[in-house]
1. Using a basic spin-label model with each label point 7 Å from the Cα along Cα→Cβ, how many nm lie between SER102 and SER53?
2. Could you tell me the relative contact order of the range 56-119? Use alpha-carbon pairs under 8 Å, at least six residues apart, and round to a whole percent.
3. Please calculate how many Å² of accessible area the chain carries per residue, with a 1.4 Å probe and no DNA, RNA or ligand atoms counted.
4. With r as the distance between the Cβ atoms of ASN83 and ARG109 and R0 = 30 Å, compute the FRET efficiency 1/(1 + (r/R0)^6) and round to 0.05.
5. Over the range 13-91, what percent of the accessible surface lies on carbon and sulfur atoms, probe 1.4 Å?
6. Over the heavy atoms of LEU11, what accessible area does a 1.4 Å probe trace out, to the nearest 10 Å²?
7. Please work out the Cα center distance from the range 82-121 to the range 45-75, rounded to the nearest Å.
8. If you count the DSSP beta bridges with both ends in the chain, what percent of them are antiparallel, to the nearest 5?
Amino acid sequence: QVQLVESGGGLVQAGGSLRLSCAASGRILRINAMGWYRQAPGKQRELVAIFTSGGTTNYGDSVKGRFTISRDNAKNTVYLQMNSLNPEDTAVYYCAADGITSTTLAQRRYWGQGTQVTVSS
């Protein structure tokens, strides 16, 4: 099992910034991909930014140029720097990781509990 713990959400005014963190723990053998998704009320969950298994980064179209994903491999942690926030960025942000553990010996996707980001106009 992989546990993902997110932090850094909150309330911010339009134009402001927030930084989210997600730390993975557990009997981790390997994390192949790790990143962020979000879900706004009444909408489907969508990709925000992710480090892929191939080592590249993918961003959702709506956040390109405003959000930056980074990571600390030694800490199994990813960060999401969010700048120029607008009310359309309001959502629950979920950390996701494709990991292999010593228990399962097979890759599966794990999700964090989510952190609320609210951008006021």
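1. 2.3 nm
2. It rounds to 26 percent for the range 56-119.
3. 52 Å²
4. FRET efficiency, ARG109 to ASN83: 0.60.
5. 43 percent
6. Per-residue accessible area (LEU11): approximately 130 Å².
7. The distance from the Cα centre of the range 82-121 to that of the range 45-75 comes to 11 Å.
8. 90 percent
The values are calculated or read from the model by the stated rules, or taken from the named source; none is laboratory data. No experiment lies behind these values; they were computed from the predicted model shown. Neighbour counts run over all protein chains shown; Cβ positions are idealised from the backbone, glycine included. What goes into the accessible areas is simple: the full protein's heavy atoms, side chains included, and nothing from ligands, DNA or RNA. Shrake-Rupley method; radii C 1.70, N 1.55, O 1.52, S 1.80 Å.
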